[in-house]
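The next block holds one structure in the form of structure tokens; read it before the comments.
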Amino acid sequence: MKPAQLANQSSSWFGAEGPGWDIVISSRVRLARNLADYEFLSCLTPGRQQEILDKLSEAILSLSLGDEVYFMDVDRAATLERQLLTERHLISRQHAAGKGPRGVVVSAKESFTAMINEEDHLRMQVYAAGFNLGDCWKRINAIDDMIEQKVRYAYSERWGYLTACPTNVGTGIRVSVMLHLPALKMTGQIEKFVTAARDADLAVRGLFGEGTDALGDFYQLSNQVTLGVREEDVVRELSDNIVPRIVDYEKAARQVLLEQKPHTLDDKIQRALGVLKSACLISSQEALYLLSSVRLGVNLGRVPNLSLTTINELFLLTQPAHLQLRAGKMLDADQRDALRAQIIRQKLANN
């Protein structure tokens with residue numbers, strides 16, 4: 001499959017389904033691994049990088065994962081194709097901007113991806129819609145075991161799995177959820193959430209990961225400690241304690257808006273809906289914020305006859321690379337804003 005073929009479809013894990021889907025958009029577990037007998041990526045020659053790419057892609061493509069998998073050569077991909085893969089969370093921005101032999105193995109449903117030669121030799125991740133960290137962990141743990149039967153990882157009895165960045169040494173695990181927290185933002189409590197999360201050694205990032213802002217009131221929350229902990233304990237702590245508490249805070253904030261500021265709430269929702277239904281130009285950033293307000297309205301029953309699936313789909317399909325690959329050509333900013341507005345108007349008119 002070519003990246004351009006993805007421009008007209010949504011990801012299975014970004015749908016309006018799964019436990020706690022109204023607040024927890026998706027769950028992800030990522031593992032960082034390196035091969036024994038090879039230096040870290042920054043010290044490798046292009047020839048050695050190619051050896052790793054060939055070895056790992058062959059190993060992963062040979063696995064029986066219950067879904068068709070395919071390989072994409074990131075080094076040879078066009079700029080827009082790499083950008084689209086980033087927008088769909090299939091590769092990182094670092095992987096897209098890197099140099100030398102590198103690639104990604106992706107399952108057809110996009111619930112599993114494996115970046116080869118990103119920061120580490122291998123960074124694989126499993127996604128699920130809604131609040132499903134336990135299922136993500138079980139699946140990626142099984143895949144990790146299957147890969148380890150075919151290659152030898154760099155591992156220390158003292159330190160655990162060895163990684164290019166010291167912050168990943170040990171388990172190499174990153175457990176994260178993507179949260180939609182518009183009510184905490186509206187009630188002025190979002191900074192308390194961010195501060196409390198960081199005090200608890202959790203990372204808070206934006207929609208597209210490290211170094212990005214929380215556009216559209218989306219926040220990625222993940223663990224930062226990987227050394228001296230068990231993978232199961234990291235998953236359990238987020239699943240049983242941390243995330244449920246944040247979900248409860250967001251629900252409480254939504255209830256406050258409904259009971260104490262219903263007119264303010266409805267005004268924000270209806271203004272956003274009005275702009276989306278009538279605007280001729282909408283920027284990427286504006287679309288995210290407007291769609292966020294409408295998504296809140298749909299969840300709270302303030303916007304009848306509008307599918308949450310449609311709203312989630314629009315978050316993804318109106319990103320810049322998606323628009324340009326869908327159009328089949330490069331577009332300037334005004335052309336992208338016009339096409340984005342047109343697609344949104346059409347989608348909303350059909351719901």
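Every number here is computed from the coordinates shown, using simple stated rules; none is lab data. What you see is a predicted model; the values in this text were computed from it and never measured. Neighbour counts are summed over all protein chains in view; Cβ atoms, including those assigned to glycine, are modelled from backbone coordinates with ideal geometry.
Structural remarks
- Straight-line reach from Lys329: taking Cα to Cα under 29 Å and skipping same-chain neighbours fewer than 8 places apart, the lysines in range are Lys2, Lys99, Lys109, Lys277, Lys347.
- Proximal charge balance of Gln9 [Cβ under 11 Å; K/R count +1, D/E count -1]: +1
- Between the stretch 259-304 and the stretch 32-75, the Cα center-to-center distance that results, in Å: 43
- Positive minus negative residues near Leu61 (Lys, Arg vs Asp, Glu; Cβ under 15 Å): -3
- Additional length obtainable on full extension of the chain from Asp73 to Leu258, 0.36 nm per residue less Cα span: 61.7 nm
- Compactness of the stretch 262-349 - radius of gyration and Dmax, Cα, Å: 13.0, 44
- Helix 190-199 and the longest principal axis of the Cα set of the chain meet at an angle near 20°.
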